[in-house]
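The values are calculated or read from the model by the stated rules, or taken from the named source; none is laboratory data. If you're wondering where the values come from, they're calculated on a predicted model, not measured in any experiment. Virtual Cβ from ideal backbone geometry, glycine too; neighbours counted across all protein chains shown. SASA here: full protein model, heavy atoms, side chains in, ligands and nucleic acids out. Shrake-Rupley method; radii C 1.70, N 1.55, O 1.52, S 1.80 Å.
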Amino acid sequence: MTERPAERGSYHHGALPEALVAAAFALLDEEGPAKVTMREVARRAGVSAGAPFRHFPDRQALLTEVADRVLADFERWQLAEIERREGPAMKALGLGFVRYAIRHPHRFELVRSRVFTASRQPELRQRLSGIDEALIEFIVADQEAGRLRPGDPALVGLAGQALVYGLAQMIVDGYLPAEKAEELAEQVVDTFGQGVGNRP
């Protein structure tokens, strides 16, 4: 997503939107959502200042597309966390959430403004539904395997999300020391797990 886009005039039909999103994604990681402007994205993509508006009606539409890419990357990250960890998938997902936010604070900021709001953006609904459904499936599998207590999977998932979202925000905001963030995250998630996990 951060590869340098092609030079001006070298795009084939349909390639420019992808190049614009790639440029916006790189700019997001470097400087944060506030610095992602149509003019700067166009400059980085090597096109005229008006070219992005042929594909994205405004800056908000471009940022929504970038947010969708962030969510897709986050999904891949979470699946990798589950594969590399033993034990309940919910713990892996919780720690994965915090780690992703720590490593990509600007992506976390963008998603927070697009997802954790009073109204989720309709353009992200399909991606978000897939993430939510996968979370419930992992919780149910852990319950059936005896790693989690029986209970409403949706409520367990919401409790877990609230915990790691708040923890990630406290770390990103600097309230908790970044150098101890992962150690704290592990301890907090373990403490939460003691309340919902079945003991052997």
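Within segment 30-43, the set of residues being buried (at least 17 other Cβ atoms within 10 Å of the Cβ) and assigned to a helix (DSSP H, G or I) comprises Pro33, Met38, Val41, Ala42.
Scanning segment 92-144 for residues that are more than 24 Å from Ala22 (Cβ to Cβ), outside any helix (DSSP H, G or I) and of a type in the set (S, T, N, Q) returns Thr117, Ser119. A Cβ distance below 9 Å, combined with a sequence gap of six or more or placement on separate chains, defines the contacts here; from segment 21-47, residues that are at pLDDT below 95 reach no residue that is in a helix (DSSP H, G or I) and of a type in the set (Ser, Thr, Tyr).
One residue stands out in segment 169-182 among those that are at pLDDT 90 or above and open to solvent by 50 Å² or more (accessible area, probe 1.4 Å): the one that is farthest from Phe108 (Cα to Cα), namely Tyr175. From the residues in segment 183-200 that are part of a helix (DSSP H, G or I) and surrounded by fewer than 12 Cβ atoms within 10 Å (Cβ to Cβ), which one is modelled with the lowest pLDDT? This residue is Gly195. Could you run through segment 105-122 and say how many residues are over 11 Å from the mean Cα position of the chain (by Cα) and in contact (Cβ under 8 Å) with a residue 60 or more places away in the chain? Residues that pass the stated criteria total 1.
Let's see how each residue does on (1) hydroxyl-bearing (Ser, Thr, Tyr); (2) under 23 Å from Ala34 (Cβ atoms); (3) at pLDDT below 95; (4) touching a strand residue (DSSP E or B) at 6+ places or on another chain (Cβ under 6 Å):
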residue: Glu86; (1), (2), (3), (4): no, no, yes, no
residue: Met90; (1), (2), (3), (4): no, no, yes, no
residue: Arg114; (1), (2), (3), (4): no, yes, yes, no
residue: Leu124; (1), (2), (3), (4): no, yes, yes, no
residue: Asp132; (1), (2), (3), (4): no, no, yes, no
residue: Val140; (1), (2), (3), (4): no, no, no, no
residue: Val156; (1), (2), (3), (4): no, no, yes, no
residue: Ala159; (1), (2), (3), (4): no, no, yes, no
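Screening Pro150 against (1) open to solvent by 50 Å² or more (accessible area, probe 1.4 Å); (2) in contact with a helix residue (DSSP H, G or I) (Cβ under 7 Å, 6 or more places away or on another chain); (3) closer than 21 Å to Glu75 by Cα; (4) without any contact (Cβ under 8 Å) to a residue 24 or more places away in the chain leaves a single unmet condition, (3). Evaluate the following for Ala49: is it open to solvent by less than 50 Å² (accessible area, probe 1.4 Å) and part of a loop (DSSP other than H, G, I, E, B)? Judged against the criteria, Ala49 is a match.
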